[in-house]
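Engineer: Structure incoming, see below.
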Amino acid sequence: MKDASSRIPTIVVALLAAIVLGVLVWMVLGYVLPFQDMTRAAMLEARLGPYDASDIDAMRGLLERKPEARDVLVAMHRGPDLVLPFVLTALLFAIVTRLRPAGRYFNRPMHPVMIAAIYALPFVYGFSDYAENILTDNIFSGGSEWSFAAKLLPWASSIKFASLTVCVIVLLRFLVYRLAPPADHAGS
C-alpha cells in the first residue's frame, strides 16, 4: 500500500512552487512597487516587522490623500493576494505531506498532537493571511469599517508571519533529518 507522500508527485510540488513564485512576482511588480512609487511608503502587509494602531492611522491618512494608491491596494487583494494564500498553503501542506513528519524529537517519539500541529501550520498561515486581507480591505477601502478591525489587523499579520516562519523552520528540520545519514537520526 502506498503512503500519503507517494500520492503527491514531485511535479505537483514543483508546479505549486512555480505558481507561488509567479503570483509573488505579479504581486510585487504589479502592486507593491507601484504602491511604493505612488506613496513613498511600504504597504503594511509588505513590512516584515510589526506595526501598531499609529501605523494603521498613518496609512489611512496616506490613502485618503492618495486614492489611487488605495485603489492599487484593494486591487492587489482582489487579484494576486486572493490567490497567494491558497497556493502557498497548498504548497506548504504538500511539502509537509511529502516529508511525513514523524520519528523522534529530542530522543523521544513525537507525540501525535505534535504531528497534527505540524500538519495544521500551513492552514494557520492561510487563514491568518486571508484574515489580514479582509481586515486591510475593511480599514482602507473606504467602505463601512468594523470598529475592531484596526485592533485585529496587527494580530492577524503577526500570526501570518509567525506561522509561516515556524512552518518553514519545521519543514527545513524534517528535510535535513531526511537528508542526514541514518546514524545521525538517533539524537534528533
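Engineer: Note the per residue figure in Å³ for the convex hull of the C-alpha positions in the chain. Mind showing how you got there, number by number?
Structural biologist: Details: hull volume 26.7 nm³, N = 188.
Expressed per residue, the convex hull around the Cα atoms of the chain is 142 Å³.
Engineer: Which parts of the stretch 62-95 would a label at Trp26 reach, counting a residue when its backbone N lies under 16 Å from a point 7 Å out along Cα-to-Cβ?
Structural biologist: 73-91
Engineer: Helix-derived [θ] at 222 nm for the chain: sum -39500 (n - 2.57) over DSSP H runs of at least 4, divide by residue count, nearest 500?
Structural biologist: Numbers: 7 runs with 129 residues, N = 188.
That comes out to -23500 deg cm²/dmol.
Engineer: Still on this model: Over the chain, give the accessible area per residue in Å² for a 1.4 Å probe, as an integer. Don't skip to the end; give the middle numbers.
Structural biologist: Numbers: 10590 Å² over 188 residues.
Spelled out: the 1.4 Å probe surface of the chain, per residue, equals 56 Å².
Engineer: Where does the charge balance sit around Pro50 when Lys and Arg score +1, Asp and Glu -1, over other residues with C-beta under 15 Å from its C-beta?
Structural biologist: Working: positive: Arg47, Lys151, Lys160; negative: Glu45, Asp52, Asp55, Glu132.
For residues surrounding Pro50, the net value is -1.
Engineer: Say R0 is 22 Å: what FRET efficiency, to the nearest 0.05, do Ser158 and Leu82 get from their beta-carbon distance?
Structural biologist: On the way: r = 21 Å, r/R0 = 0.97.
Efficiency, from the Cβ-Cβ distance: 0.55.
Engineer: Select from the chain the helices, each a whole stretch of DSSP H, whose alpha-carbon atoms run 20 Å or more along the helix axis and whose Kyte-Doolittle mean is at least -1.0; answer none if there are none.
Structural biologist: Numbers: long enough: 10-27 (26 Å, 2.81); 80-99 (28 Å, 1.82); 112-140 (42 Å, 0.86); 149-179 (44 Å, 1.42).
Counting only whole DSSP H runs, the qualifying helices are 10-27, 80-99, 112-140, 149-179.
Engineer: Rounded to a whole number, what % of the accessible area of the stretch 30-176 do carbon and sulfur atoms account for, probe 1.4 Å? Don't jump to the answer; show the numbers that get you there.
Structural biologist: Values: 5190 of 7630 Å².
Ligands and nucleic acids excluded, carbon and sulfur reach 68 percent.
Engineer: Using the Cα centre of the chain as the reference point, and only Cβ charges (+1 on K/R, -1 on D/E), how large is the resulting charge dipole? Debye, rounded to the nearest 20. Spell out each step's value before the answer.
Structural biologist: Numbers: 17 positive and 15 negative charges, 175 e Å.
Here the size comes out at about 840 debye.
Engineer: Which length gain, in nm to one decimal place, applies between Ala117 and Leu179 when the Cα-Cα distance is subtracted from 0.36 nm times their residue separation?
Structural biologist: On the way: separation 62, 0.36 × 62 = 22.32 nm, distance 2.26 nm.
Length gained, Ala117 through Leu179: 20.1 nm.
The values are calculated or read from the model by the stated rules, or taken from the named source; none is laboratory data. Here the structure is a predicted model, which means the values were calculated and not measured. Ideal geometry is used to build each Cβ from the backbone, glycine not excepted, and the neighbour counts take in all protein chains shown. What goes into the accessible areas is simple: the full protein's heavy atoms, side chains included, and nothing from ligands, DNA or RNA. Shrake-Rupley method; radii C 1.70, N 1.55, O 1.52, S 1.80 Å.
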